[in-house]
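Just below is one structure, and these are the notes that go with it.
The values are calculated or read from the model by the stated rules, or taken from the named source; none is laboratory data. The model shown is predicted, which means the values in this text are computed figures rather than measured ones. Because the Cβ atoms are built from the backbone with ideal geometry, glycine has one as well, and the counts that use them run over all protein chains shown. The protein model used for the area step is the full one, side chains on, heavy atoms only, and it has no ligands, DNA or RNA in it. Shrake-Rupley method; radii C 1.70, N 1.55, O 1.52, S 1.80 Å.
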Amino acid sequence: MDTEEEWRRTFSEMTNEDFVPVPRYDMDTLMTPMESLLVRRAESVPAITTKLFYSTRHFAAYDLDAGEFSAVHPGVDLKLALGTPIGAIGGGRVHAVRSDARGLGLHIIIEHRIRGDTYFSIYGHFGSVHVQEGDTVRPGTIVGRVGITGNTTAPHLHLQVDRGEPDELAHQPYWPSSLPGRTEASHFTVHPLQFIAGAWAEPMTAGRDEPRDTP
């Protein structure tokens, strides 16, 4: 997009020509300095798109050139147009729908059961939600739409996956006060893109006492 009028459009104002495949999460590309890509802008469009789409990486600083484990951000930010519909990344049950003006804004937490383990996928900064606590969702079920709620300056989805306990009644999204090491972080979280790859490959349960749900 070359003009402010183009990039300020909402999802509903876009056409099929505006959409491209979701880019590959490639750290070599993501850490290539944006300044060097802009020098060869025409040929660098795919790399620039990748960097802008994954605007903040797993445990990374709020910097388009930052690599993973450079800050305390425990998820991945996906830069999307205002109003973009978001589907559940796996089968499960809506654990909570909450609003936090200083953090994730309007957000949803979905509980997943995979091979006896419990995970919580967290979707932050929604403008609206389409589910309520207790709802069962299948992979791809639209749960909400991208907004600008909470601590954010532009429309995007904060996607995070936490490890949880089977009978956890009120899961609180993991957000450390200081940068954890990779081993420590793995006790509490899962890289959301790795979770998606595994979730779609393995059967998932929809929650307590629910039948297995195969994506």
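Quick one: Karplus J couplings for segment 100-114, per residue in order, coefficients 6.51, -1.76, 1.60, θ = phi - 60°, nearest Hz, x for Gly and Pro?
Working through the residues one at a time gives 9, 4, 9, x, 7, x, 6, 9, 10, 10, 10, 8, 10, 10, 10 Hz.
Treating the chain as a set of equal point scatterers at the Cα positions, no solvent, please give the Debye-formula log₁₀ I(q)/I(0) at q = 0.08, 0.09, 0.10, 0.19 Å⁻¹.
-0.28, -0.36, -0.45, -1.51
Enumerate by residue number the chymotrypsin sites (Phe, Trp or Tyr not before Pro) in segment 1-43 meeting two conditions: DSSP loop (anything except H, G, I, E, B), and at most 14 other Cβ atoms within 10 Å of the site's Cβ.
When the chymotrypsin sites (Phe, Trp or Tyr not before Pro) of segment 1-43 are filtered for loop state and at most 14 Cβ neighbours within 10 Å, 19 remain.
Segment 1-63: which trypsin sites (Lys or Arg not before Pro) are DSSP loop and have at most 13 other beta-carbon atoms within 10 angstrom?
Within segment 1-63, the qualifying trypsin sites (Lys or Arg not before Pro) (loop, at most 13 other Cβ atoms within 10 Å) are 8, 24, 40, 41.
Helix 192-201: angle to the longest alpha-carbon principal axis of the chain, degrees 0 to 90, nearest 10?
That works out to roughly 60 degrees.
Leaving out ligands and nucleic acids, and using a 1.4 Å probe, what accessible area per residue does the chain come to in Å²?
53 Å²
If you average the alpha carbon positions of segment 1-70 and of segment 153-194, how far apart do those two centres end up, in angstrom?
23 Å
In segment 122-194, which GluC sites (Glu not before Pro) are in a loop and have at most 15 other Cβ atoms within 10 Å, using DSSP for the loop call?
Within segment 122-194, the qualifying GluC sites (Glu not before Pro) (loop, at most 15 other Cβ atoms within 10 Å) are 133, 168.
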